[in-house]
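Asks: Take this structure, written in structure tokens, and hold onto it; I'll ask about it next.
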Amino acid sequence: MGKQIAIIGLGLMGGSLAKALQSKWDVTITGVDQDQTTIETAMAERTIQYGLNHLETLSWEVFDLIIFCTPIEITLQWMERIDGKVKDTATVIDIGSTKGQVMQLAAKVNYDFIGGHPMVGSEKSGYIHSKGHLFENAYFILTPLEQSKEEKITLLYEMIDAIGAMPITMDAEQHDLFTAVISHVPHIIASALVHMIKEFDHKEVLIKLAAGGFKDITRIASSSPHLWQHISLSNKEKIDLVLKQLLTTIDEYKQRLREENNDYLFTYFSKAKEMRDQIVDTVNTDIPKQYALIVDIEDRPGMIAKISTLLYEHQINIKNIGIIHNREFENGCLKIILENRLDQVSAYQVLQKHEYLVFK
């Protein structure tokens with residue numbers, strides 16, 4: 001008999017997870033979402049077997065796996081309310097971007113809760129944009145407690161494997177520090193750089209000139225303000241820690257710049273380049289991003305070869321091509337680097353003509 005699964009929240013992430021599990025696992029899925037149209041659409045597409053608008057009417061005790069795909073404040077609220085209502089053999093997981101608060105509460109409840117964070121996403125939201133292959137080849141972080149049962153972790157590894165993702169296990173404190181360093185603070189910096197423009201005269205001219213590299217490095221500032229408001233508050237301690245370290249580094253640079261310390265300045269940029277070059281990425285992003293395309297494809301044998309051949313047939317030169325594994329707040333999963341702007345435009349048109357979902 002298949003697993004009984006409840007997915008709370010059928011937006012981009014919850015809807016995609018439901019579609020992936022429905023096609024890859026033997027499951028019966030109950031979806032919960034406030035939007036009745038979402039429920040009706042998901043049922044019509046057979047993504048879910050049952051649908052509800054209110055958690056109050058959910059029979060928690062029947063589920064083997066309960067997945068919260070909701071904002072952290074909703075997840076925290078219901079983690080407490082379902083205590084004593086889920087069966088002993090059930091596993092509960094969330095997929096939020098921060099883990100500290102949920103895992104502190106997880107240590108207090110009387111059921112098995114394991115934190116989760118799939119490193120995928122998009123600037124688009126809602127069930128309408130969900131897709132069953134969203135998680136393929138992406139990292140999926142788990143943050144179990146010390147007392148988490150091995151069979152529950154194994155179950156989640158099986159789920160992650162079924163949806164085509166790659167599991168990584170760490171504790172909640174590590175997770176929140178790491179995501180503060182590689183994701184949260186970079187978003188804050190990108191937003192700060194954009195805010196900086198308004199502090200200077202002739203900002204209209206600055207905005208026009210910012211269409212190149214500046215727009216590139218601040219691209220992530222276009223993410224959802226609502227999402228980043230909640231991420232900032234839920235990970236404030238780690239973000240504060242990382243910002244302090246960043247400001248120390250910047251203050252030292254400012255001081256050495258005033259002193260015209262040539263040796264320091266060279267070493268500063270040299271060490272940064274050396275470390276940056278060590279960052280492993282499937283695709284070499286040193287090539288200017290404005291000549292890149294992101295293609296939303298399913299992970300099937302021959303897909304990269306198919307796209308490469310298609311572009312070759314149109315005499316479009318590919319500089320590099322590969323799968324993006326950490327693509328939180330990125331569209332698609334295949335990155336193509338082209339030679340120049342003309343090739344980028346041509347490749348975009350060719351791929352669209354052949355009905356690929358492609359993003360610049």
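Asks: For segment 136-151, which positions are surrounded by fewer than 19 Cβ atoms within 10 Å (Cβ to Cβ) and of a type outside the set (A, V, I, L, M)?
Replies: Across segment 136-151, the qualifying residues are Asn137, Tyr139, Glu146, Gln147, Lys149, Glu150, Glu151.
Asks: Residue by residue through segment 53-73, note down the ones that are without any contact (Cβ under 8 Å) to a residue 40 or more places away in the chain and assigned to a helix (DSSP H, G or I).
Replies: Glu56, Thr57, Glu61, listed by residue number.
Asks: Please enumerate the residues belonging to segment 97-110 that are surrounded by fewer than 20 Cβ atoms within 10 Å (Cβ to Cβ) and either over 18 Å from Ser234 (Cα atoms) or among the β-branched types (Val, Ile, Thr) (or both).
Replies: Lys108, Val109, Asn110
Asks: Select, from Ile207, Ile189, Ile160, Ile231, the only residue that is in a helix (DSSP H, G or I), assigned by TED's automatic domain parsing to the domain that holds Glu73 and among the β-branched types (Val, Ile, Thr).
Replies: Checking each option against the conditions leaves just Ile160.
Asks: Can I ask one more? Does segment 295-324 hold any residues that are part of a helix (DSSP H, G or I), at pLDDT 90 or above, over 23 Å from Ile163 (Cβ atoms) and among the hydrophobic types (A, V, I, L, M, F, W, C), and which are they?
Replies: Leu310, Leu311
Asks: Among residues belonging to segment 247-274 that are of a type in the set (Asp, Glu) and closer than 24 Å to Val181 by Cβ, point out the one that is surrounded by the most Cβ atoms within 10 Å (Cβ to Cβ).
Replies: Glu252
Asks: Out of (1) in a helix (DSSP H, G or I); (2) touching an Asp or Glu at 6+ places or on another chain (Cβ under 6 Å); (3) not hydroxyl-bearing (Ser, Thr, Tyr), the odd one out for Gly121 is which?
Replies: Going through (1) in a helix (DSSP H, G or I); (2) touching an Asp or Glu at 6+ places or on another chain (Cβ under 6 Å); (3) not hydroxyl-bearing (Ser, Thr, Tyr) one by one, Gly121 breaks only (1).
Asks: Would you point out the residue of segment 76-96, among those that are within 18 Å of Met159 (Cβ to Cβ) and among the polar types (S, T, N, Q), that is surrounded by the most Cβ atoms within 10 Å (Cβ to Cβ)?
Replies: Checking each candidate, the answer is Thr91.
The values are calculated or read from the model by the stated rules, or taken from the named source; none is laboratory data. Everything numeric here is computed off the predicted structure, so don't read it as measured data. In this analysis, Cβ positions are derived from the backbone assuming ideal geometry, glycine residues included, and neighbour counts consider all displayed protein chains.
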